[in-house]
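Engineer: Got a structure for you, written out below as structure tokens; questions coming shortly.
Laboratory data are not the source of any read-out in this text; all were calculated from the coordinates shown. Since we're looking at a predicted model, the values are computed, not measured. A quick note on method: Cβ atoms are made from the backbone with ideal geometry, for glycine too, and the neighbour counts reach across all protein chains shown.
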């Protein structure tokens, strides 16, 4: 993570001769809140001006609360201990191999199975369709090669690599938080992120920490004025999952036309080159691979409730038939996808046109609102999407509100999957009818959290930044 040439200052230091009584009188006269601890946070509303908050650090030495090295040691150490205590493994049960350990409810076994086809000369895109962009199979295949086809080694090594990306996310939360609110605020945001359960779990389940890393890195580059580097990060994110491409809207809203053009050109050229590589490598399966995600029936969203679908977003087992990528498992949409898309596109355009804030806090909030709009528009939902939502919650809401919102989102999401689906899903992946009301409860609760956050962000963006 590149540092700015000019370090941020938490504010002017107090005169050496100022006593505690003098300081109290000065703060009372200025209307600032009383300072009873190491930090004082302004926690009034999401629309509050995001210049450095009224806070003061005491003893920022080694071992103190803001010590980022200590946080990294604890962050990594906790994950290593959990990995050693609950290592991923496969056991034989009833004639079938069953996954156990930290990765049990995630996608590692699926990706291992895809990589394992290389033993018989099969490769994704060339010999069967595969629904993820190319960076994921490249990373998975490299880890498979290093693990020599052993699942325990594969899952453990992959978890360590993704933990490394999550350390990057931790550093980026700190960096962006410091840009928006001052160095001490960045430290607190990082510590809150380090205490969150969702990023910990998701690093052992799927590749979403990688996607979040590229998205947050692109935001950090935008804030630092490194426009081409932001384009590279967005492009690499798109080659992991396409969602980071929507951050180009942030560039066009907050950057000069020249800078926006540079970032967009780099991002789109890099993305197009990667996808062209997929087409060249596997012309028969390229289109089914790149379009498979768009052919799913709705799942785990309000749109799924309307459609009467209680399935997850899993695909069928037939990967050799290109037509299978277009098969819809579940009921067709009751609300035409085009109508839904036009409605949410209109919401995005309105947000773009009505945004008044042009400062750095406005940029990050606009990015968060863009992601929220995309996730509310989507016909499906995955628990792993919290990997990007959690840091954005912490960076765009007041500290207490952001932490509690992230916690509530995690509780609702985990209650839905794996808790509900692990205990009430049938062999076809659909929930039993008696569990449908519980699914509706979790879906509506999560949607309310995202919609409420989105409304708060929109309200904040409609306000001018304080002078």
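Engineer: Among 106-115, 288-297, how do they line up by average Cβ neighbours within 10 Å per residue, starting with the highest?
Structural biologist: 106-115, 288-297
Engineer: When the Cα centres of segment 77-154 and segment 285-313 are compared, how far apart do they sit, in Å?
Structural biologist: Cα centroid of segment 77-154 versus Cα centroid of segment 285-313: 24 Å apart.
Engineer: How much length is gained if the chain between residue 314 and residue 97 is pulled fully straight, taking 0.36 nm per residue apart and subtracting their Cα-Cα distance, in nm to one decimal?
Structural biologist: Between residue 314 and residue 97, full extension yields an extra 76.2 nm.
Engineer: Moving on. How big is segment 275-331 on each of its three principal axes, counting only the C-alpha atoms and giving the largest first in Å?
Structural biologist: 39, 20, 12
Engineer: So, one more: How high is the relative contact order of the chain? Use alpha-carbon pairs under 8 Å, at least six apart in sequence, and give a whole percent.
Structural biologist: It comes to 17 percent, rounded to a whole number.
Engineer: Return, for the Cα atoms of the chain, the radius of gyration and Dmax in Å, separated by a comma.
Structural biologist: Rg, Dmax (Cα atoms, Å): 23.3, 79.
Engineer: Follow-up. So how far apart, in nm, are the two label points at residue 272 and residue 73 if each is 7 Å from Cα heading toward Cβ?
Structural biologist: In this crude label model, residue 272 to residue 73 measures out at 5.0 nm.
Engineer: Next up: Relative to the first principal axis of the alpha-carbon coordinates of the chain, what is the inclination of helix 183-195, with its axis defined by its Cα atoms, in degrees from 0 to 90 and to the nearest 10?
Structural biologist: Taking the Cα atoms of the chain, the angle to 183-195 is about 30 degrees.
Engineer: Which three lengths, in whole Å and largest first, does segment 304-354 cover when its Cα atoms are put on their principal axes?
Structural biologist: 47, 24, 16
Engineer: When only C-alpha pairs under 8 Å and at least 6 residues apart count, what is the relative contact order of segment 73-168, in percent?
Structural biologist: 30
Engineer: Would you kindly state how much longer the chain becomes between residue 328 and residue 295 on full extension, computed as 0.36 nm times their sequence separation minus their alpha carbon distance, in nm to one decimal?
Structural biologist: 11.3 nm
Engineer: Which percent, to the nearest 5, of DSSP beta bridges fully inside the chain are antiparallel?
Structural biologist: Within the chain, antiparallel bridges account for around 75 percent of the total.
Engineer: When N is the residue count of segment 362-414, what does its C-alpha Rg come to as a fraction of 2.2 N^0.38 Å?
Structural biologist: So segment 362-414 has a normalised radius of gyration of 1.10.
Engineer: Then there is this: Equivalent ellipsoid semi-axes for segment 136-218, as square roots of 5 times the alpha carbon gyration tensor eigenvalues: give them largest first, rounded to whole Å.
Structural biologist: So the three semi-axes of segment 136-218 are 29, 12, 8 Å.
Engineer: Segment 338-387: D in µm²/s via Stokes-Einstein (Kirkwood Rh, Cα pairs, 37 °C, 0.692 mPa s)?
Structural biologist: It comes out at roughly 274 µm²/s.
Engineer: Report the label-to-label distance for residue 343 and residue 356 in nanometres (one decimal), using points 7 Å from each Cα along the Cα→Cβ vector.
Structural biologist: Each label point lies 7 Å from its Cα, and together they span 2.8 nm.
Engineer: Then there's this: Can you pull the semi-axes for segment 186-225, root of five times each eigenvalue of the Cα gyration tensor, sorted largest first, whole Å?
Structural biologist: Taking √(5λ) for each Cα gyration eigenvalue gives 21, 16, 4 Å.
Engineer: What area, in nm² and to one decimal, does the C-alpha convex hull of segment 218-356 cast on average over all directions?
Structural biologist: Here the figure is 10.1 nm², rounded to one decimal.
Engineer: In degrees from 0 to 90, rounded to the nearest 10, what is the angle of the helix 436-462 Cα long axis to the longest principal axis of the chain?
Structural biologist: 40
Engineer: Taking the Cα atoms only, what angle lies between the long axis of helix 135-147 and the longest principal axis of the chain, rounded to 10 degrees?
Structural biologist: 80
Engineer: On to the next question. Take peptides 428-439, 85-96, 117-128 and line them up by average Cβ neighbours within 10 Å, highest first, as a rough protection proxy.
Structural biologist: 117-128, 428-439, 85-96
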